[in-house]
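> Here it is, the structure, as structure tokens.
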Amino acid sequence: MDKKHFNVVAAVIRKDDKILCMQRCRSHHSYISEHWEFPGGQVEEGESHHETLIREIKEEMDWDIYVGQRLGTIDYEYPDFSITLTAYECMARDENFKLLEHLDYQWMERKDLLSLNWTEADKELILSVAAGRERHDNISYR
């Protein structure tokens, strides 16, 4: 049986020298339940990455953002599904968002990001970006 594959986009939102990190809600997949992630979501058919990010952040956080350049893309295989995760540098119009689909949030300095319990795909993305492979690289993790 083939695993489902999802194209997912993530917003790396900065405020001063800190990056917004979101804690996922509980899930029946223990390996992502209550783990940390960058906000974003699944790309729908016919939708651009930028359109997806604007829609997802509005739906999940009731927040308007500007989407900038691509930071990196990784492929990751979880036990029950696989994803292609692409992150974009984003800016918010203001600091007023709501937690509509997340448990918690933190603004973290880049050097402290790995102190959180990230989903594996987001963690690999952080490691990729931190290693300087942040532009135009596709990296596979299995």
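Derivation of every value follows stated rules applied to the coordinates shown; laboratory data play no part. This one's a predicted model, so the numbers in the text were calculated from it and none came from an experiment. Quick reminder, even Gly has a Cβ in these numbers, built from the backbone with ideal geometry, and neighbours come from all protein chains shown.
> Tell me which GluC sites (Glu not before Pro) from region 55-96 have a DSSP coil assignment and no more than 16 other beta carbons within 10 Å of their own.
95
> Okay, moving on. Tell me the trypsin sites (Lys or Arg not before Pro) within region 46-104 that lie in a loop according to DSSP and have at most 10 other beta-carbon atoms within 10 Å.
Counting only loop positions with at most 10 other Cβ atoms within 10 Å, the trypsin sites (Lys or Arg not before Pro) in region 46-104 are 93, 98.
> Show me, for region 113-123, the HN-Hα J-couplings you get by feeding each phi into the Karplus relation (A = 6.51, B = -1.76, C = 1.60, θ = phi - 60°), rounded to Hz, glycine and proline as x.
Rounded to whole hertz, the list is 3, 6, 6, 8, 8, 7, 5, 4, 5, 5, 4.
> Place a +1 charge on the Cβ of each Lys and Arg in region 1-47 and a -1 charge on the Cβ of each Asp and Glu, then give the dipole magnitude about the Cα centre in debye, rounded to the nearest 20.
The calculated dipole for region 1-47 is roughly 220 debye.
> Using a Förster radius of 25 Å, what is the FRET efficiency between residue 16 and residue 81 based on their Cβ-Cβ separation? Nearest 0.05, please.
So, using R0 = 25 Å, E works out to roughly 0.10.
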